[in-house]
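Visitor: If you scroll down you'll find the structure; I have some questions about it.
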Amino acid sequence: MSDRIDQFASVFKAAEKARYQYDPPLLSRVAVLVDTLKEQSSAYAESVCEFLKASNIVADEFKVVGAEDFSNIRQMLDVVHAASPNLIVTHRHLHLDREELEHSLGTYLDTLLQGTPIPVLVTPSPNTDGTPKPLEIARDVLVMTDHLLDDPKCINYGVRFVAPGGIVHLCHVEDDAIFRKYMALIERIPEIETDVAREKLRAKLLQLPTDYIASCIDALQSESINATIKANVRLGHRVTDYHNLIEEHAGDLLVCNTNDPENLAIHPMAYAIALEFRKQPLLLL
Amino acid sequence: MTLNLQTILIASADLHSQPHVSSGITTLFGVLLLAMIACLAFEEKLHAKKSLITGIFAVVCLLLGEITGILPKESIATIGEHTIRLPVYIPAIDWEVIAIIMGASLFVDVTSKSGIFSWIAIKLTKASGGDPLKLLIYYGILTVIFSAVLNNVTAMIIIGSLTTVSLKKLGRSDKLLGFLITEGLLTNIGGLLTLISSVPNIIVGNRAGISFVTFFLKAAPFVVVATFATLWLARTLFGVKRLDTAGAKEEAAARVASFDENEGIPSKRFFITSAVAFALLIAALSTTSILPYIKDLGMGFVAMSFAVFMLIAFKHEVNKFYAALDWDLLGFFASLFVVINVMEHALVLDAVGKALGALLDLGDTLGTGSLLVTSALASSVTDNIPLSAVLAQILGNHDPAYPATSPVWWAVVFGANLGGNLTPIGSASTLVAMTVIHRSEIKLSFGGFVKAALPFALVHLVLAVAYVLIVL
C-alpha cells in the first residue's frame, strides 16, 4: 500500500511547481565605494553611472564614498549604514596592493558581502593610475545559480540590470560530482534499479529549473519586459561550466547569490566565480 | 477439439443429494469459519496477508471435508461430447467475480498511467481557488466519484495524497486530519454507487441478479444524500470555513495555481484514449444485460476485454501490470469462495441462515433494518467481503427465493459497505486513510478514529435504514 501512496504522492508533488513572479528591485540610492580620494575617482564614478544608465537605472541619490571617508572596515560599515543605499558599487582589493592578491577579494569586499544585506556591483578594478576599465553595456546578463528555484532575487536583479533589448541567460548548473556520488551509493542498493534511477534523477534534477525558467518567461512576458530570457540548464562542473557559459555568451554582467544560509562565509560557488571572473562586472547579492 | 460454448454445463454439487452431515461436523466447520473471521479481523496483528489466512483455512476445510465425506466426489463439466472432471474447489470459485475484479484492476492500473485521475484532481484543486470549504466539498465529491468508478483503496490513495500536498501548500495542515477522515468515510459512501464500486456489491449484486443500471438507480439517491450529509457534518465538526478576506483568497488562489495538471500526463493521445475507454467501459457495463452476445459473457468478460485492449498501449511491458495486480486480493477471494463452498456442504450456512431467518422473521421493517445494522456492526470489526459472501450465499439459497427487488439484498449491501465507517479496520480504504494520516505525522489512535467517525457512521446508518425501509 505504501508504494502506491508514494506513487501518487510523487505525482502530486511533481505537479506542485514553483512559479516566478517579477518583483523589480528598488535602486533609488547608489553608493560608490573607492579607496582613492573622491576627486581622483570621478572617472570611475562616471563610468558606473553610464553603465547603470544604459540599463535605465537612474538613482535619486548617487553618493561617492572615497578614501577620505573611511580607512578601516568599521568606518566603511558606518558610512554604508548612514547612506543606507540600495546598491553598492565597488571593486576588489580596496586599500590593498592589487597585484599581490589574485586569490582574494580583499577584506573590505568580503565584509561588505557578508556584513550587509545590500547588493554589491563589483566592477573590474581600476588601473593603477585610477582610470577605470571600460564597462560594456549589459546586453548579455548571466544569472548563475545552483538553486534557481530559491533565487527569484537573482532573476529580479538580472532582469532589472539588463539593457533594453538585451538577453538574460538564466543558468543553472547541477553539480555533476554530487550526482555521481549519489549514483555510486544507489548502485550499491539492490532494491533500486540503477539505470532507471540515473535516468529519472537526472531528468528530474534538470526539469525543475527548466520548468521554473518557463514560468519566468511567462511572468516577464506578462510584465512586458523588453528582454529575452534564455535557459541554460545542465549537469556539470560548476566553475568550468560557468566559464564556458560566460565565454559562449560573452557575458557583460554576471549575477549570483553570495549568501550561504549554512554558514557565515560567502557561498562557495559565488566566491569561486568572483575570484575566477575578474574582467566582467559582477552583481553579488 | 471444437468447443460449443452454448452446451457448456457445470454440474456442481447437488446439495440435496449430499450425504448426511452430523451436527458435530457442522459445529466443527462453524468453529473453523469463526476462527477464519477472527484471524481476518486480527490480520494486522498476525502480520499475515488475507490470501494466506483464507488459503490456509481453504486447505484445512477441503481436507477435513474430504475426510468427513461431506464433499461431492467430483464436479463435471460437459462440453459437447466431452466430459471434463474438475476438482471440487474449481467450480466452488465464482469466476465471474474474479474476472470483474481482475479486469477492472488491470484497466484502472493502465488508465491511471495516463494521468487522467491526477489531472481531474488537480483541475478541481485549482477550481477551488484554495478555499478550504470549497476544497472539502470538491474533494468529497471527487472521492465519491472515484470510489464509484475505481476501487475504494485507489480512490483514497489518490485523494489522500493530493489532500496532503495541497493543504500543506496552502498552509492548512491543521485541517488535514478532518479532510482525511471525511474522505476515508466518503469512499465507503461512493463504494455504494455502482455494482462494481465495491466487492460486496459485486458479490451480492451478482447473486441477487441486480443489473448494473438498476443498482445505480437504486443506490444513487442515497449516495447523494449521504455525501452532502457527510460534508455538512465535516464542515461543522472539523471547523472548515471559507476564506473571508480578499487578500487571503488571492494568496490561496496563487498557491494552488502553481499546480500543473499536465505534469502526470505522459502522452496526450494516451490520455484521450484512456478517457474515452473509461466512458466506454461504464457504458458497456451499464448495458451488459441487454447487449446481444455480451449479456451471455457477463460483466467479467467486459472488464477483462477493456483491460486487454488498454494493455496494448504498454504491449512490451504488460508483465509490469500483471505484477502490480493485487494478487493477495484475488487469492483471498478464490480461497474464500472455496471455504464458503465447504461451509455450505457442512451445513454451516444453513445454520447461520436459520439464525438469519429468525432475524428476518421480525418482519419486513424490523427484520430488514436489523439485518442492515447487524451487517454493519459485523463488517466494522472484520472484513466485509466474507460477510457479504456468506450472507449472499444464504439469501441466495433461501426458499422461497428472494427476488432481485427485495430490500434484504440492499440491507446486506448497505450494511457491509457502511460498517466500514465505524472503525479504522472496518474497510481497506479507512485503513489507507489511517496510513496517510500517520505518514503525515498526525497522531490518531484506533479510539481516536472511532470517536471522530462515530457521528458520521451513525448518521449514515440511520439514513441507510430509513432509505432501505422507506424507499427501496
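The values are calculated or read from the model by the stated rules, or taken from the named source; none is laboratory data. Keep in mind the model is a prediction, meaning the values are calculated, not measured. Glycine also receives a Cβ, built like all others from the backbone with ideal geometry; neighbour counts cover every protein chain displayed.
Visitor: What's the total number of residues in the range A:172-212 that are surrounded by 11 or more Cβ atoms within 10 Å (Cβ to Cβ), β-branched (Val, Ile, Thr) and either away from every other protein chain (no Cβ under 14 Å) or in contact with a Cys (Cβ under 7 Å, 6 or more places away or on another chain) (or both)?
Guide: Going through the range A:172-212 one residue at a time, the tally reaches 5.
Visitor: Take B:GLY247 and decide whether it is more than 20 Å from B:SER198 (Cβ to Cβ) and within 14 Å of chain A (Cβ to nearest Cβ). Outline the logic, then answer.
Guide: Details: more than 20 Å from B:SER198 (Cβ to Cβ): yes; within 14 Å of chain A (Cβ to nearest Cβ): no.
When the stated conditions are applied, B:GLY247 does not pass them.
Visitor: Hey, another quick one. Would you mind telling me which numbered condition in (1) part of a helix (DSSP H, G or I); (2) crowded, with 18+ Cβ neighbours inside 10 Å; (3) more than 14 Å from every other protein chain (Cβ to nearest Cβ); (4) of a type in the set (Val, Ile, Thr) A:VAL79 fails?
Guide: (2)
Visitor: Could I ask something else about it? Inside the range A:23-44, can you point out the residues that are under 20 Å from A:ARG160 (Cα atoms) and not β-branched (Val, Ile, Thr)? Break it down stepwise before answering.
Guide: Initial filter on the range A:23-44 (under 20 Å from A:ARG160 (Cα atoms)): A:23-32.
Answer for the range A:23-44, where residues must be under 20 Å from A:ARG160 (Cα atoms) and not β-branched (Val, Ile, Thr): A:ASP23, A:PRO24, A:PRO25, A:LEU26, A:LEU27, A:SER28, A:ARG29, A:ALA31.
Visitor: Here is a follow-up. In this structure, does A:PHE51 turn out to be over 23 Å from the mean Cα position of the chain (by Cα) and crowded, with 18+ Cβ neighbours inside 10 Å? Break it down stepwise before answering.
Guide: Numbers: over 23 Å from the mean Cα position of the chain (by Cα): no; crowded, with 18+ Cβ neighbours inside 10 Å: yes.
Here the answer is no, as A:PHE51 does not meet what is asked.
Visitor: Does the range B:161-173 include one or more residues that are part of a helix (DSSP H, G or I) and farther than 17 Å from B:SER440 by Cβ?
Guide: Of the residues in the range B:161-173, the ones part of a helix (DSSP H, G or I) are B:161-169, B:173.
Filter once more, so that each one left must be farther than 17 Å from B:SER440 by Cβ: none.
No, the range B:161-173 has no match at all.
Visitor: Okay, next question. Limited to the range A:54-64, what total is found for residues that are aliphatic (A, V, I, L, M) and loosely packed, with under 13 Cβ neighbours inside 10 Å?
Guide: Within the range A:54-64, the subset aliphatic (A, V, I, L, M) is A:54, A:57-59, A:64.
Adding the requirement that they be loosely packed, with under 13 Cβ neighbours inside 10 Å leaves A:58.
Summing the residues that are aliphatic (A, V, I, L, M) and loosely packed, with under 13 Cβ neighbours inside 10 Å in the range A:54-64 gives 1.
Visitor: Tell me, which residue of the range A:197-209 that is out of contact with any His (no Cβ under 8 Å at 6 or more places or on another chain) and not hydrophobic (A, V, I, L, M, F, W, C) is nearest to A:VAL143 (Cα to Cα)?
Guide: Step by step, filter the range A:197-209, then rank; the result is A:GLN207.
Visitor: Separate question: List the helices (runs of 4 or more DSSP H) inside the range B:210-312, counting only whole elements, that have at least 1 residues being within 24 Å of the chain's Cα centre (by Cα).
Guide: On the way: elements: B:212-237, B:246-257, B:268-287, B:294-311.
Once the helices (runs of 4 or more DSSP H) in the range B:210-312 are filtered for at least 1 residues that are within 24 Å of the chain's Cα centre (by Cα), what remains is B:212-237, B:268-287, B:294-311.
Visitor: Scan the range A:2-37 for residues that are more than 28 Å from the chain's Cα centre (by Cα) and under 30 Å from A:ASP69 (Cα atoms) and jot them down.
Guide: A:LEU37
Visitor: Kindly check whether there is at least one residue in the range B:169-178 that is more than 9 Å from chain A (Cβ to nearest Cβ), of a type in the set (A, V, I, L, M, F, W, C) and crowded, with 24+ Cβ neighbours inside 10 Å. Lay out the reasoning, then the answer.
Guide: Let us first name the residues in the range B:169-178 that are more than 9 Å from chain A (Cβ to nearest Cβ), namely B:170-178.
Of the ones still in play, those that are also of a type in the set (A, V, I, L, M, F, W, C) are B:170, B:176-177.
Filter once more, so that each one left must be crowded, with 24+ Cβ neighbours inside 10 Å: none.
So far as the range B:169-178 goes, no, none of its residues is more than 9 Å from chain A (Cβ to nearest Cβ), of a type in the set (A, V, I, L, M, F, W, C) and crowded, with 24+ Cβ neighbours inside 10 Å.
Visitor: Do we find a residue being at pLDDT 85 or above, surrounded by fewer than 20 Cβ atoms within 10 Å (Cβ to Cβ) and under 23 Å from the mean Cα position of the chain (by Cα) anywhere in the range A:91-105?
Guide: No: zero hits.
Every residue, every condition in (1) within 14 Å of chain A (Cβ to nearest Cβ); (2) assigned to a helix (DSSP H, G or I); (3) touching an Asp or Glu at 6+ places or on another chain (Cβ under 7 Å); (4) closer than 23 Å to B:ILE210 by Cβ, yes or no:
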{"site": "B:ALA401", "(1), (2), (3), (4)": "no, no, no, yes"}
{"site": "B:ASN417", "(1), (2), (3), (4)": "no, yes, no, yes"}
{"site": "B:THR423", "(1), (2), (3), (4)": "no, no, no, no"}
{"site": "B:GLY426", "(1), (2), (3), (4)": "no, no, no, no"}
{"site": "B:SER429", "(1), (2), (3), (4)": "yes, yes, no, yes"}
{"site": "B:ALA433", "(1), (2), (3), (4)": "yes, yes, yes, no"}
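Visitor: A further question on this structure: Take residues that are at pLDDT 90 or above and tell me which of the helices (runs of 4 or more DSSP H) falling wholly in the range B:1-105 contain 3 or more. Don't jump to the end; show me each part of the working.
Guide: Values: elements: B:23-41, B:43-46, B:50-68, B:89-92.
Output list reads B:23-41, B:50-68.
Visitor: Can you pull out the residues in the range B:104-122 that are farther than 15 Å from B:PHE270 by Cα and within 11 Å of chain A (Cβ to nearest Cβ)?
Guide: Of everything in the range B:104-122, those that are farther than 15 Å from B:PHE270 by Cα and within 11 Å of chain A (Cβ to nearest Cβ) turn out to be B:ALA121, B:ILE122.
Visitor: Also, quick follow-up: For residues that are within 14 Å of chain A (Cβ to nearest Cβ) and closer than 23 Å to B:TYR322 by Cα, scanning just the range B:259-309, find the one that is modelled with the lowest pLDDT. Talk me through it step by step, then tell me what you get.
Guide: If we filter the range B:259-309 for residues that are within 14 Å of chain A (Cβ to nearest Cβ), which is where we start, we get B:259-266, B:271.
Add one more test, that the residue is closer than 23 Å to B:TYR322 by Cα, and what stays is B:264-266, B:271.
Numbers: B:GLY264: 84, B:ILE265: 89, B:PRO266: 87, B:PHE271: 92.
Here the answer is B:GLY264.
Visitor: If you don't mind, another one. What's the total number of residues in the range B:139-156 that are within 14 Å of chain A (Cβ to nearest Cβ), crowded, with 24+ Cβ neighbours inside 10 Å and not hydrophobic (A, V, I, L, M, F, W, C)?
Guide: 4
Visitor: Any chance the range A:178-190 includes a residue that's of a type in the set (A, V, I, L, M) and modelled with pLDDT under 90? Full working, then the answer.
Guide: Restricting attention to the range A:178-190, the residues satisfying the condition of being of a type in the set (A, V, I, L, M) are A:178, A:183-186, A:189.
Checking the rest, the ones that are also modelled with pLDDT under 90 come to none.
No, that holds for no residue.
Visitor: Considering only the range A:119-131, I want to know if a residue exists there that is farther than 22 Å from A:SER47 by Cβ and surrounded by fewer than 22 Cβ atoms within 10 Å (Cβ to Cβ). If you could, list the steps in order and put the result at the bottom.
Guide: Taking the range A:119-131 as the starting set, the residues that turn out to be farther than 22 Å from A:SER47 by Cβ are none.
No, that holds for no residue.
Visitor: Here is a follow-up. Checking the condition at pLDDT 90 or above and within 14 Å of another protein chain (Cβ to nearest Cβ), which residue from B:ILE181, B:ILE159 passes?
Guide: On the way: B:ILE181 fails: within 14 Å of another protein chain (Cβ to nearest Cβ).
Unique residue meeting the criteria: B:ILE159.
Visitor: Can I ask one more? From the list A:ALA138, A:ALA163, which one is modelled with pLDDT of 85 or more and in contact with a Phe, Trp or Tyr (Cβ under 8 Å, 6 or more places away or on another chain)? Quick ask: steps written out before the conclusion?
Guide: Working: A:ALA163 fails: in contact with a Phe, Trp or Tyr (Cβ under 8 Å, 6 or more places away or on another chain).
Exactly one residue qualifies, and that residue is A:ALA138.
Visitor: Just name the residue that is surrounded by the fewest Cβ atoms within 10 Å (Cβ to Cβ) out of those in the range B:387-399 that are in a helix (DSSP H, G or I) and not β-branched (Val, Ile, Thr).
Guide: From the range B:387-399, those in a helix (DSSP H, G or I) are B:387-396; that's our starting set.
Restricting the remaining residues to those that are not β-branched (Val, Ile, Thr) gives B:387-389, B:391-393, B:395-396.
Values: B:LEU387: 23, B:SER388: 27, B:ALA389: 24, B:LEU391: 30, B:ALA392: 24, B:GLN393: 20, B:LEU395: 22, B:GLY396: 16.
Per the criteria, the residue is B:GLY396.
Visitor: Let me ask something additional. Identify all residues within the range A:12-53 that are hydrophobic (A, V, I, L, M, F, W, C), in contact with an Asp or Glu (Cβ under 7 Å, 6 or more places away or on another chain) and within 14 Å of chain B (Cβ to nearest Cβ); write none if there are none.
Guide: A:ALA14, A:ALA15
Visitor: Does the range A:37-51 contain any residue that is closer than 19 Å to A:GLN114 by Cβ and of a type in the set (Asp, Glu)? Steps first, please.
Guide: Residues of the range A:37-51 that are closer than 19 Å to A:GLN114 by Cβ, as a first pass: none.
No - not one qualifying residue is present in the range A:37-51.
Conditions tested, residue by residue: (1) basic (Lys, Arg); (2) touching a Ser or Thr at 6+ places or on another chain (Cβ under 8 Å); (3) surrounded by fewer than 16 Cβ atoms within 10 Å (Cβ to Cβ).
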residue: B:GLY209; (1), (2), (3): no, no, yes
residue: B:VAL213; (1), (2), (3): no, yes, no
residue: B:PRO221; (1), (2), (3): no, no, yes
residue: B:THR230; (1), (2), (3): no, yes, no
residue: B:ALA234; (1), (2), (3): no, yes, no
residue: B:LEU237; (1), (2), (3): no, no, yes
residue: B:LEU243; (1), (2), (3): no, no, no
residue: B:GLY247; (1), (2), (3): no, no, yes
residue: B:GLU250; (1), (2), (3): no, no, yes
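Visitor: Right, here's the next one. Do we have any residue at all in the range A:217-226 that's over 18 Å from the mean Cα position of the chain (by Cα), part of a helix (DSSP H, G or I), crowded, with 17+ Cβ neighbours inside 10 Å and not β-branched (Val, Ile, Thr)?
Guide: yes
Visitor: Which ones in the range B:337-372 are farther than 14 Å from B:ILE394 by Cα and among the charged types (D, E, K, R)?
Guide: B:ASP361, B:ASP364
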